[in-house]
Amino acid sequence: MPSETQNYSAEDFYDSLVEDYHLIFADWDWSIKRQAEGLDKLIKSYARAEAKTVWDCSCGIGTQALGLAAKGYQVVGTDLSGRAIQRAQAEAAQRRLDVSFAKADLRIMAQIPLQQFDVIISCDNSLPHLLEMSELIFALKKLKSSMKPEGIVLGSMRDYDQIAQEQANATSPRSKIVGEEEIISFQTWQWSSPSIYQVKHFIIRGQGDRFHTKVRLATYRAYRRKEMNEAFRAAGFAEIEWLFPEESGYYQPVFVLR
């Protein structure tokens, strides 16, 4: 039986996760570099040749923004989590990268950057935190209004066509050793409807027989590609293309909008 729907705050989720976010990756620095290489190839393939300005509208602690800045792009990063923005600023300063970071919620018009961009990105399954189709369309309209006439929007999200069909209930655990400590991360998913699921995100760390666990809670909507395409068109995007990992080299399905 589906459980009662409980919508957990995305802001609270990322505020809580920020200090441990890098632990999700086998090697966060390597992922920063690898994802930037993949996004750079996509930008060079789909954007105009002189594209330089990038808005990462769901930047988190900077996984994509830092890597693109290191490749010479002029990057603005925003996120609804103020704590994530603080860490992204610290990471940029440590790497001597010039990135403009600010707290902004895509559901609040006054918080979006005033300039227009060659490229707008939203990676790591961020848009499915917008649980209502009306919220998603509103946010996409804001992205379109911040895009230069010949600009593009790039984003990545989970393959919900497959996941929702299977009603998957967990991700596989990932384990790594940092110093003398073992770190294990995974998620469990509880479906409250065919499209809405609640995440429990576990990070377990310790050594020997002594471990401690942190659990963060989030809610996602499993948007199928047909639903996303409807939202893209409703927001005014005329050209929509989906690329899968075997085509793009990116770890999630990627959408490209014009």
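Quick notes on this one:
- R258, R174, reordered so the largest accessible area comes first (probe 1.4 Å): R174, R258
- Accessible surface ranking that places the most exposed of F186, F255 first, with a 1.4 angstrom probe: F186, F255
- Working from Cα pairs under 8 Å separated by at least six residues, relative contact order for the chain is 19 percent.
- If you take the alpha carbon atoms of segment 146-206 and fit the smallest convex hull around them, that volume is 162 Å³ per residue.
- Considering only GluC sites (Glu not before Pro) in DSSP loops that have at most 12 other Cβ atoms within 10 Å, the longest stretch of the chain without any of them is 51-131.
- Accessible carbon and sulfur surface of the chain relative to its total accessible area, %, 1.4 Å: 48
- Packing, as the average of other Cβ atoms within 10 Å across residues, places the peptides 193-204, 106-117 in the order 193-204, 106-117, highest first.
- DSSP H segments from the chain that extend 30 Å or more along their own axis, Cα-based, with Kyte-Doolittle mean of -1.0 or above: none
- Heavy-atom SASA rank of W189, W30 (probe 1.4 Å, accessible area, largest first): W30, W189
- Prolate/oblate/rounded label for segment 1-148 (Cα gyration tensor, a/c 1.5): oblate
- Cα gyration tensor shape for the chain, rounded if a/c is under 1.5, else prolate or oblate: oblate
- Where Cα atoms sit under 14 Å apart: lysine pairs in the chain separated by 8 or more or lying on different chains: 9
The values are calculated or read from the model by the stated rules, or taken from the named source; none is laboratory data. On a predicted model such as this, the values are computed, not experimentally measured, just so you know. Neighbour counts run over all protein chains shown; Cβ positions are idealised from the backbone, glycine included. When the accessible area is computed, the model is the full protein with side chains, heavy atoms only, and any ligands, DNA or RNA have been set aside. Shrake-Rupley method; radii C 1.70, N 1.55, O 1.52, S 1.80 Å.
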